[in-house]
1. Once amide H atoms are placed 1.01 Å from N in the peptide plane, what residues at a sequence separation of 5 or more from residue 30, or on another chain, have their amide H within under 5 Å of its amide H?
2. Output wanted: per-residue J couplings in Hz (rounded whole) for the range 51-59, from phi through Karplus 6.51 cos²θ - 1.76 cosθ + 1.60, θ = phi - 60°, x for Gly and Pro.
3. Among the lysines, which fall within straight-line cross-link reach of residue 197, defined as a Cα-Cα distance under 28 Å, with same-chain neighbours fewer than 8 residues apart omitted?
4. Between the helical axis of 179-188 and the dominant principal axis of the chain, each derived from Cα atoms, what acute angle in degrees is found, rounded to the nearest 10?
5. Does anyone have the angle between helix 156-171 and the longest principal axis of the chain? Alpha-carbon axes, 0 to 90°, nearest 10?
6. Give me the net charge of residue 189's neighbourhood, meaning all other residues with Cβ under 12 Å from the Cβ of residue 189; Lys, Arg count +1, Asp, Glu -1.
7. Classify the chain as rounded, prolate or oblate, taking a ≥ b ≥ c as the square roots of the eigenvalues of its Cα gyration tensor: rounded when a/c is under 1.5, otherwise prolate if a/b is larger than b/c and oblate if not.
8. Could you work out how much longer the chain between residue 38 and residue 77 gets when fully extended? Use 0.36 nm per residue separation minus the Cα distance between them, nm to one decimal.
Amino acid sequence: MAQEQWTDGHTEGSLMPPSEFMRLCTGCKAIYNVRDIVDVYEIDRDDVYVLVEEPAPPPKTALQKAWRAISGELPPQVHRVLRDDLPPYVEYVPDSECQAYLDGLLAMPSNTAHHALFEFELRRRLWQQGNHWYRPDYLAVRKAKGPQPPAWSLSNEQLEHLERLLQLLGDGDLGKGDELLTVEVLRQLRRFDEATKVLEAITSDSHWNDYQAMLIKNRMSHVGLYP
C-alpha cells in the first residue's frame, strides 16, 4: 500500500522503525540511544551460524523403505543454526512496553542517560498510540468524502502527554528540524493562535505547512492524514 503520513508523525507503510533513537537490548532489557552504542567487535555473517549434522530420518512408507534398500543409507542432513553464544543485540521497543519504560524512566531520571530524549521518544509513541483508535473512522469519512471528520476528543492522559511533549520540545533541540510537530501538538491542544505563530515562523515551504494552516483555520484539533 502507499505510505500514509499522519500529522502526529505516525506513518503506515513505512519500513522505518517507529523510533529513530530507541532500541531494546535483548540481554539486559534496557533501552539505549543507538547513537551511543559502541562497537565492541563485529561478527561476519558466516560466523553467526554453525553447521549441525543430523542423521537422515528413517523411511516410513513402503516406497521409501524399498528405495532405501536399493540406494543404501542416506547421508546426514546438514542444518545451519544460530550460534548459542552470540552477544545480546538490540531490537525495536514494543509499543506494549512503552508506558512501563516511561514509568521506570521517570522514577529514576538520574540513572538514565539522555533522559529528555528517551522521555520525548516514549511520550511521542504513547501519543501516537492514543490517536490510533481515531484513524479508522477518519479514513472511512475521508474515503466517503464526507463533509466533516468524526468527533474528536482527548483523554486526560493524552492531554498530559501532550503538555509534557510541548515542554520537552521547548526546552532543548528536540523540536529543531521538525517544527511541524510543535504545531501539531499545539493544534491538538486547541491552542490555535500559538500554533499559527509557530507555523508562520517556519521558513521552509511545503504542502504539509498548507495542510496544517487549513486545519488551524477551520479550528480542527483532530489528527489528520497529509494529502
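The values are calculated or read from the model by the stated rules, or taken from the named source; none is laboratory data. Here the structure is a predicted model, which is why all the values come from computation and not from measurement. Neighbour counts run over all protein chains shown; Cβ positions are idealised from the backbone, glycine included. SASA here: full protein model, heavy atoms, side chains in, ligands and nucleic acids out. Shrake-Rupley method; radii C 1.70, N 1.55, O 1.52, S 1.80 Å.
1. Correct list: 25.
2. Result, ordered by residue: 9, 10, 9, 10, x, 4, x, x, x Hz.
3. Reachable lysines: 176, 217.
4. Approximately 70 degrees, to the nearest 10.
5. Approximately 80 degrees, to the nearest 10.
6. Working: positive: 164, 187, 190, 191; negative: 160, 163, 184, 193, 194.
Counting the neighbours of residue 189, the net charge comes to -1.
7. Working: a/c = 3.18, a/b = 1.95, b/c = 1.63.
Note, shape of the chain comes out prolate.
8. 10.2 nm is the gain from fully extending residue 38 to residue 77.
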